[in-house]
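Notes follow once the structure below has been shown.
Just so you know, all these numbers are worked out from the coordinates, no wet-lab data involved. Model, not experiment: these values are computed from the prediction. Positions of Cβ are backbone-derived with ideal geometry, glycine not excepted, and every protein chain shown enters the neighbour counts.
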Ligand code: SF4
Ligand code: SF4
Ligand code: SF4
Ligand code: SF4
């Protein structure tokens with residue numbers, strides 16, 4: 001367990017992971033459930049345990065859609081999406097941690113793709 | 001960064017808008033600071049053109065601040081992200097300085113700006129960091145009232161009043177409202193409608209004479225930006241939204257979000273037509289041809 005990383009994720013997310021009662025509702029409602037190796041309730045639990053590096057290495061951090069379903073539907077107000085965001089930021093902020101580079105964009109464009117998709121993806125996947 | 005540059009066509013429309021504003025000031029015209037956002041200037045011009053034409057016909061003046069920047073499309077919930085929140089604070093402050101409420105049409109802009117407003121009024125540390133960066137004449141600590149265009153129709157114009165102005169009603173048309181995620185959630189910050197049983201777009205559909213279709217996926221995400229990262233996932237999500245609407249007998253789907261429109265049209269594999277709600281509004285008000293000239 002990496003204490004500094006845990007501190008950083010807790011501070012950055014502003015989430016109190018101890019409020020979680022492990023009901024799994026966040027994962028049940030998550031539209032990316034099938035694509036994720038670790039699910040929203042596991043993010044909360046693993047951050048509590050300080051097992052952040054495993055999450056940072058997992059593809060799951062790029063699968064969250066920031067749809068806030070888990071935030072509004074958690075009966076304890078834990079706001080798991082904030083934890084996912086904080087872990088993803090910890091990963092993309094690392095040297096060479098960008099998931100998406102501006103030079104990758106041209107290959108992803110088509111004539112109808114809205115600017116919104118590009119700016120949002122850059123915000124989520126790059127620093 | 002995406003540069004914000006109005007093309008010749010767009011700036012002409014703003015000028016026309018402004019003349020209308022000055023002509024009608026002093027009458028019962030409500031004036032809003034209007035934040036179009038980057039996509040409404042480019043891929044989603046229809047969303048913008050029809051919104052402007054319809055507002056004018058409904059007695060609502062939209063004034064666009066000169067210096068707005070793209071909001072970034074997604075609110076960063078992280079407390080240690082400050083720079084990514086600045087453009088939303090700038091436009092909130094422009095509205096405050098103009099003494100006007102702020103209005104947006106794009107679901108994503110609306111989401112970013114309302115979450116920023118929510119946090120800056122409650123999180124003192126964030127507010128002080130943001131203001132240290134911005135160095136405004138007077139620090140911005142909240143207070144601007146933010147409307148989505150649909151809220152303006154409901155709360156300022158009123159759906160009853162709107163109904164009276166309809167000249168081309170969508171009688172007998174079965175229309176599915178697609179909320180997606182960013183119009184409604186997080187509900188405590190957006191405070192627009194009940195996040196699990198929303199009615200605002202269905203009420204809009206009734207006001208323009210149509211029949212709303214309720215379907216399970218109307219407030220679940222279409223996949224959003226994941227289309228850039230994992231096309232298959234975007235196809236699965238948007239396909240599920242469209243087949244849910246089709247199963248309930250919808251003839252068309254309407255949305256307020258350019259990225260929803262893209263996903264539902266390009267990634268869903270469905271042929272069901274998808275439109276911006278502003279296009280139906282302009283058509284109902286008899287403005288569609290005029291605003292395309
Ligand atoms: S819904 Fe909330 S309380 Fe339940 S597991 Fe998820 S985070 Fe924990
Ligand atoms: S915000 Fe992310 S983690 Fe939460 S439900 Fe949506 S996709 Fe899943
Ligand atoms: S949400 Fe969209 S359209 Fe709105 S400014 Fe931001 S990215 Fe651009
Ligand atoms: S584009 Fe999808 S991700 Fe965005 S608001 Fe629309 S539903 Fe949500």
Across peptide B:225-237, how many C-beta atoms of other chains are within 10 Å of each residue C-beta, on average? 6
Taking 0.36 nm per intervening residue step and subtracting the Cα-Cα distance, what contour gain separates residue A:34 from residue A:104 on full extension? 22.6 nm
Per residue of A:60-66, count partner chain C-beta atoms within 10 Å of its C-beta, then hand back the mean as an integer. 5
Partner chain coverage, peptide A:69-76 - average Cβ within 10 angstrom: 4
Between region B:73-109 and region B:27-55, how far is it from one alpha carbon centroid to the other, in angstrom? 17 Å
When you take every Cα atom in the protein assembly as shown, what is the radius of gyration, and what is Dmax, the widest Cα pair distance, in Å? 21.1, 67
Simple label model, 7 Å out from Cα along Cβ direction - residue B:243 to residue B:80, nm: 4.3 nm
Of B:93-101, B:177-185, ordering from highest average Cβ density within 10 Å down gives B:177-185, B:93-101
Treating the Cα atoms of region B:149-293 as identical point scatterers in vacuum, please give the log10 of the normalised Debye intensity I(q)/I(0) at q = 0.09, 0.10, 0.17 Å⁻¹, two decimals. -0.27, -0.33, -0.95
What base-10 log of the normalised intensity I(q)/I(0) is obtained for region A:1-79 from the Debye formula, alpha carbons as equal point scatterers, at q = 0.20, 0.26 Å⁻¹? -0.88, -1.42
For residue A:19 and residue A:7, extending 7 Å from Cα along the Cα-Cβ vector and measuring point to point gives, in nm, a value of 2.3 nm
Most packed first (mean Cβ within 10 Å per residue), the peptides A:38-45, B:135-142, B:247-254 order as A:38-45, B:247-254, B:135-142
Hey, if you drop one equal point scatterer on each alpha-carbon of chain B and run the Debye formula without solvent, what base-10 log of I(q)/I(0) do you get at q = 0.12, 0.15 Å⁻¹? -0.77, -1.21
Percentage relative contact order, chain B, counting C-alpha pairs under 8 Å, at least six apart: 18 percent
